[in-house]
Amino acid sequence: MLKNIQPSIPVHNAGFIRLIIGGLYLFYCTSGLMAQPAQRERFNLQQGTNSGSFKTDSIVIGTTPNEVRYLRVAIHFLLREERYTETIKDDCNAAIPPYDVHYSGPGNFTETDDGIGHSDYNGFMHAENVIWLANKMLANNQQQWRKTPGITYPETPPPLNLQYLLVGVYFHRDEAAFKPGAGQNIHRKYDIDSNLVIDVYCLHNPKFGRDGDAFQFGGFNKFVFLNDYRHYIKPFCREWSKVNTARSMNHEIGHTLGLAHTWEGFDYCDDTPEGFMYDHIDGNNCYPRRANCWTYDTAKPGCPKKPCDDWSKVSNNIMDYNHWEPAWTQCQVDRINQNLQGNGKAYIHASHGCAPPQAFFYIPSPQTICATGCKVWMNAQPSVHEDLSLIEICEVSADQPEVCRGGYFSSGWLSGFLAEINLSDWYTFLPDKVYRIRLTVENTACPGSDVYEQVVYTIK
């Protein structure tokens, strides 16, 4: 699905550090580790790094259709403010009859679990997993099954040279997100870097009725909604739902990059044939309609022509509704490239031809500090592409979080991937203080570094 809203003006800004103070996000430019002028300047579109560590004459690659381009994506989980209950039918196991599943919880993935009580899989992990699955599809374009007569198709599927770069994972407990027509208002409230980051809002709303919506067909301000959690809460759908979420994300982001549904026709591409014309039954009426087949299905009725009773009627194109490994045609790839040279250009993170590192972590604030037993846990799971990490802590004031006032600590460079870390093992946090925690990550196979900061308040 797609919706259009009034386009916004694109913004081109410089390198950035993300700083979180409670629920308020501030952004500071940085040219050195301890010096950060307070400017609302963020992504460096010219130098290929967030941290300002490259000189302006650096050779930039990863921004043209012949190179792998990384599009910045932020994942938002929309949760209920109160406990949510629902009875939903699990019909994902053909070996048993459909049965009722009774759900009670926050209505989505959380910072610490999957919303069902499984602490071994949380929202941060789900966001990374979905991005990985979606990138796998983008990197392995499939041959188009249904073909338009008279059109010559390449022997091998055209490469997209496109990947997503996860730049943030956010959790919003907001009942307003579940009201009818709330999409644009929610985006105005939680938008991360307008016209620089594609915001993906994940929610569970039974009244939504479909798996996703995209806003702005090929426009400047790109954001999508995924109604994906409704599949995850069904036990027999759980693993499949992760793949379905990745495919739905590719479909909806495709809309923002200028792609339309193929089965309806008028999608500006001759190599994506319209759906098979069948006889649709509507009560006692029968009328012609374009088929959009989720899968091969001889039981789906017609009067008499059926829609999906032959494999020649089934599509695997990303812009159809189906559950197969997706295909993008040459025309669709060309339309994406055209958008990324225009309205979508600011979303490309110059990458120097490799996977750029991104720093991100989560610490609840405020933190309760006591004489014994209290811990300050840092969850760095949402950082990506890093193999070196540096953690720094210092005391700051609330009105000048960019200035260290004392108590400086550095972990030194740590090898490998960070997960959950007990910072109290390294640093003594005192009550009634304000601390700035900074994470710098690097990828030794890819030039540049990235920095993320959070201010934490301690109480007795």
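What follows is calculated from the coordinates using simple rules that are stated; it is not laboratory data. Keep in mind the model is a prediction, meaning the values are calculated, not measured. Note that each Cβ is placed from the backbone with ideal geometry, even for glycine, and that neighbours are counted across all protein chains shown.
Net charge near VAL441, counting Lys/Arg +1 and Asp/Glu -1 over other residues with Cβ under 9 Å of its Cβ? If you can, show how the numbers build up before the last one.
Working: positive: none; negative: GLU386, ASP387, GLU442, ASP450.
That works out to -4.
Which shape class applies to segment 226-340: rounded if a/c is under 1.5, otherwise prolate when a/b exceeds b/c and oblate if not, where a ≥ b ≥ c are the square roots of the Cα gyration tensor eigenvalues?
On the way: a/c = 2.17, a/b = 1.16, b/c = 1.87.
Since a/c reaches 1.5 but b/c is at least a/b, the shape of segment 226-340 is classed as oblate.
Counting DSSP beta bridges with both partners in the chain, what percentage is antiparallel, nearest 5?
Values: 54 of 83 bridges.
Just about 65 percent of them are antiparallel.
Only counting other Cβ atoms within 10 Å, I'd like ASP309, ASP432, ASP387 sorted with the fewest neighbours first.
Final ranking by Cβ density, sparse to dense: ASP432, ASP387, ASP309.
Which ordering of LEU138, LEU79 is given by a fewest-first count of other beta-carbon atoms within 10 Å? Intermediate results must be reported in sequence, preceding the final value.
Details: LEU138 22, LEU79 25.
Listed from fewest to most nearby Cβ atoms, that is LEU138, LEU79.
Give the peptides 436-443, 239-246, 228-235, 70-77 in descending order of average Cβ contacts within 10 Å, highest first. Don't skip to the answer; put the middle values down first.
Values: 436-443: 22.4, 239-246: 18.8, 228-235: 20.9, 70-77: 24.9.
For the peptides 436-443, 239-246, 228-235, 70-77, the packing ranking is 70-77, 436-443, 228-235, 239-246.
Taking Cα pairs under 8 Å and at least six residues apart, what relative contact order does the chain come out at, in percent? Before the final figure, lay out the partial values.
Values: 1104 pairs, mean separation 83.5, N = 460.
Over the chain, the number comes to 18 percent.
How large is the charge dipole for the chain, taken about the Cα centre, if only the Cβ atoms of Lys, Arg (+1) and Asp, Glu (-1) carry charge, to the nearest 20 debye? Could the numbers behind the result be given before it?
Numbers: 39 positive and 50 negative charges, 123 e Å.
That gives the chain a dipole magnitude of about 580 debye.
For the cross-link pairs LYS179/LYS222; LYS375/LYS460; LYS136/LYS242; LYS207/LYS234; LYS179/LYS242, which exceed 19 Å when the distance is taken from alpha carbon to alpha carbon? Walk me through the numbers before you get to the answer.
Working: LYS179/LYS222 21 Å; LYS375/LYS460 13 Å; LYS136/LYS242 13 Å; LYS207/LYS234 17 Å; LYS179/LYS242 25 Å.
Those over the limit are LYS179/LYS222; LYS179/LYS242.
Find how many whole Å separate the alpha carbon centroid of segment 366-438 from the alpha carbon centroid of segment 294-354.
44
Counting DSSP beta bridges with both partners in segment 258-416, what percentage is antiparallel, nearest 5?
95
Lysines near LYS305 by alpha-carbon distance under 24 Å, same-chain residues fewer than 8 away left out - which ones?
Correct list for LYS305: LYS147, LYS313.
What does the charge add up to near SER248, with Lys and Arg as +1, Asp and Glu as -1, over the other residues with Cβ less than 13 Å from its Cβ?
Numbers: positive: ARG210, ARG230, LYS242, ARG247; negative: ASP211, ASP213, ASP228, GLU252, ASP320.
Summing Lys and Arg as +1 and Asp and Glu as -1 gives -1.
Going by how many other Cβ atoms sit within 10 Å of their own, how do HIS126, HIS172 line up, fewest first?
Values: HIS126 23, HIS172 18.
Result, fewest neighbours first: HIS172, HIS126.
Net charge around ILE421, counting only other residues with Cβ within less than 14 Å of its Cβ (Lys, Arg = +1; Asp, Glu = -1)? Before the final figure, lay out the partial values.
On the way: positive: LYS375, ARG438; negative: GLU386, GLU392, GLU420, ASP425.
Residues near ILE421 contribute -2 overall.
Name the residues whose placed amide hydrogens come within less than 5 Å of the amide hydrogen of GLU81, ignoring near sequence neighbours (fewer than 5 apart) on the same chain.
ASP174, GLU175
Mean residue ellipticity at 222 nm from the helices of the chain, using -39,500 (n - 2.57) per DSSP H segment of n ≥ 4 over the full residue count, to the nearest 500 deg cm²/dmol? Display every interim value, and only then the final one.
Working: 5 runs with 59 residues, N = 460.
Using -39500 (n - 2.57) per qualifying helix, the result is -4000 deg cm²/dmol.
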